[in-house]
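Trainee: Following this message is one structure expressed as structure tokens.
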Amino acid sequence: MPKVTMTFPEGKHKVLTMSYDDGRAADRRLVDLFNKYGIKATFHINSGMLGEGDRIPSEELEALYRGHEVSAHTLTHPTIARCPNEQIVFEIVEDRTNLERIVGYPVKGLSYPNGSFNKQIKEMLPHLGIEYARSVESHGSFMMPDDYMEWRPTCHHKSNLLKLAEDFIRLHKKQYLYMMYVWGHSYEFDLDHNWELMERFCELIGMREDIWFATNIEIIHYINAFGRLQFSASMAFVYNPSFASVWLEVDGAVREVKGGTQVSLV
């Protein structure tokens with residue numbers, strides 16, 4: 001029987017994803033940086049506050065974040081663990097509805113506003129069309145999540161960002177999958193006068209061939225596609241019922257299983 005393990009696309013073992021909240025004006029500069037270095041990000045937006053103060057207006061949203069992911073952050077950013085169920089449902093569904101109308105694709109993710117959530121909210125989210133939700137409690141490591149409704153990041157960008165990036169770059173053991181997940185608010189770079197921090201990070205980690213640069217939802221879609229693979233009992237072959245390719249390591253060799261195809265593993 002062959003030894004089969006999941007890899008990221010093209011046989012990669014490391015993925016970087018970025019996550020930024022609130023849709024403020026500084027996102028423009030941040031998106032430019034990410035685009036320059038081939039880095040993908042998810043931007044969590046309160047659609048009920050678009051255009052208020054320095055928030056990105058609705059008419060700019062689709063073009064600005066093209067190539068990245070627009071995700072929900074609730075309609076008006078309440079502390080939802082203190083809200084009645086009816087308000088929670090309205091805040092999330094209305095935010096999804098507004099954002100989907102603007103960007104033209106399903107909005108399936110969420111970052112918890114003010115980091116607020118509880119077990120009951122986590123259990124509600126799949127019924128509201130949410131496939132993942134990011135918290136703010138960082139773990140400082142590169143482990144893969146085991147609960148995507150409480151998706152904990154590696155770090156806020158204020159917390160040892162460059163040191164963690166250097167550690168991530170040096171990872172080489174291919175018996176593991178590694179994820180670096182950075183979150184924050186773009187306006188913090190203006191407040192802290194430290195845009196050079198993110199510029200240095202992007203220079204350091206961007207465009208690397210051994211890293212998969214992905215949005216939050218791209219990671220979810222890929223993991224789900226792996227979970228839908230249909231292996232024969234003997235592991236002699238596998239069928240991929242999904243549209244997208246999944247990559248496997250089979251006895252040390254990388255194999256692509258294209259969508260809608262069956263591939264021999266022996």
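The values are calculated or read from the model by the stated rules, or taken from the named source; none is laboratory data. Here the structure is a predicted model, which means the values were calculated and not measured. Note that each Cβ is placed from the backbone with ideal geometry, even for glycine, and that neighbours are counted across all protein chains shown.
Trainee: Taking interchain pairs and intrachain pairs at least six residues apart, which have beta carbon atoms under 8 angstrom, with the first residue in region 52-74 and without any contact (Cβ under 8 Å) to a residue 40 or more places away in the chain and over 15 Å from Phe34 (Cα atoms) and the second assigned to a loop (DSSP other than H, G, I, E, B) and charged (D, E, K, R)?
Mentor: Arg55/Asp22
Trainee: Has region 158-176 got any residue that is in contact (Cβ under 8 Å) with a residue 40 or more places away in the chain, aromatic (Phe, Trp, Tyr) and closer than 20 Å to Gly206 by Cα?
Mentor: The answer is yes, given that some residue of region 158-176 is in contact (Cβ under 8 Å) with a residue 40 or more places away in the chain, aromatic (Phe, Trp, Tyr) and closer than 20 Å to Gly206 by Cα.
For (1) in a helix (DSSP H, G or I); (2) out of contact with any helix residue (DSSP H, G or I) (no Cβ under 8 Å at 6 or more places or on another chain); (3) modelled with pLDDT of 95 or more; (4) under 22 Å from Ile217 (Cβ atoms), each residue gets a yes or a no:
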site: Arg29; (1), (2), (3), (4): yes, no, yes, no
site: His44; (1), (2), (3), (4): no, yes, yes, yes
site: Glu59; (1), (2), (3), (4): yes, yes, yes, no
site: His77; (1), (2), (3), (4): no, no, yes, yes
site: Ala81; (1), (2), (3), (4): yes, no, yes, no
site: Glu86; (1), (2), (3), (4): yes, yes, yes, no
site: Val107; (1), (2), (3), (4): no, no, yes, yes
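Trainee: Given Lys258, Lys158, which one is over 18 Å from Gly38 (Cβ atoms), within 20 Å of the chain's Cα centre (by Cα), surrounded by fewer than 18 Cβ atoms within 10 Å (Cβ to Cβ) and among the basic types (Lys, Arg)? Give the derivation first.
Mentor: Values: Lys258 fails: within 20 Å of the chain's Cα centre (by Cα).
Selected residue: Lys158, the only one of Lys258, Lys158 that is over 18 Å from Gly38 (Cβ atoms), within 20 Å of the chain's Cα centre (by Cα), surrounded by fewer than 18 Cβ atoms within 10 Å (Cβ to Cβ) and among the basic types (Lys, Arg).
Trainee: Evaluate region 172-187: report whether one residue or more is of a type in the set (A, V, I, L, M, F, W, C) and surrounded by fewer than 15 Cβ atoms within 10 Å (Cβ to Cβ).
Mentor: First, the residues of region 172-187 that are of a type in the set (A, V, I, L, M, F, W, C): 177, 179-180, 182-183.
Cutting the leftovers down to surrounded by fewer than 15 Cβ atoms within 10 Å (Cβ to Cβ) gives us none.
Within region 172-187, not a single residue is of a type in the set (A, V, I, L, M, F, W, C) and surrounded by fewer than 15 Cβ atoms within 10 Å (Cβ to Cβ).
Trainee: While we're looking at this one, here's another question. Report the residue count in region 144-164 for those that are closer than 23 Å to Leu125 by Cβ, touching a Ser or Thr at 6+ places or on another chain (Cβ under 8 Å) and in a loop (DSSP other than H, G, I, E, B).
Mentor: The qualifying residues number 3.
Trainee: Considering only region 110-136, state which residues are farther than 15 Å from His77 by Cα and in contact with a His (Cβ under 9 Å, 6 or more places away or on another chain).
Mentor: Selection gives Glu131 alone.
Trainee: Answer yes if at least one residue in region 192-215 is within 22 Å of Glu69 (Cβ to Cβ), loosely packed, with under 15 Cβ neighbours inside 10 Å, among the aliphatic types (A, V, I, L, M) and in contact with a Phe, Trp or Tyr (Cβ under 7 Å, 6 or more places away or on another chain), and no otherwise.
Mentor: yes
Trainee: Here is a check on your reading of the model: is Met235 farther than 20 Å from Lys14 by Cβ and in contact (Cβ under 8 Å) with a residue 60 or more places away in the chain?
Mentor: Working: farther than 20 Å from Lys14 by Cβ: yes; in contact (Cβ under 8 Å) with a residue 60 or more places away in the chain: yes.
So Met235 passes the test.
Trainee: Within region 206-220, is even one residue over 29 Å from Ala253 (Cα atoms) and more than 14 Å from the chain's Cα centre (by Cα)? Before the answer, list the steps.
Mentor: Just the residues of region 206-220 that are over 29 Å from Ala253 (Cα atoms), to begin with: none.
Within region 206-220, none of the residues are over 29 Å from Ala253 (Cα atoms) and more than 14 Å from the chain's Cα centre (by Cα).
Trainee: Let me ask something else about it. Which numbered condition trips up Met124, out of (1) farther than 22 Å from Tyr65 by Cβ; (2) under 15 Å from the mean Cα position of the chain (by Cα); (3) surrounded by 14 or more Cβ atoms within 10 Å (Cβ to Cβ)?
Mentor: (2)
Trainee: Turning to a different aspect of this structure: Taking region 92-121 only, how many residues are surrounded by 17 or more Cβ atoms within 10 Å (Cβ to Cβ) and either of a type in the set (Asp, Glu) or more than 25 Å from Arg66 (Cβ to Cβ) (or both)?
Mentor: Summing the residues that are surrounded by 17 or more Cβ atoms within 10 Å (Cβ to Cβ) and either of a type in the set (Asp, Glu) or more than 25 Å from Arg66 (Cβ to Cβ) (or both) in region 92-121 gives 6.
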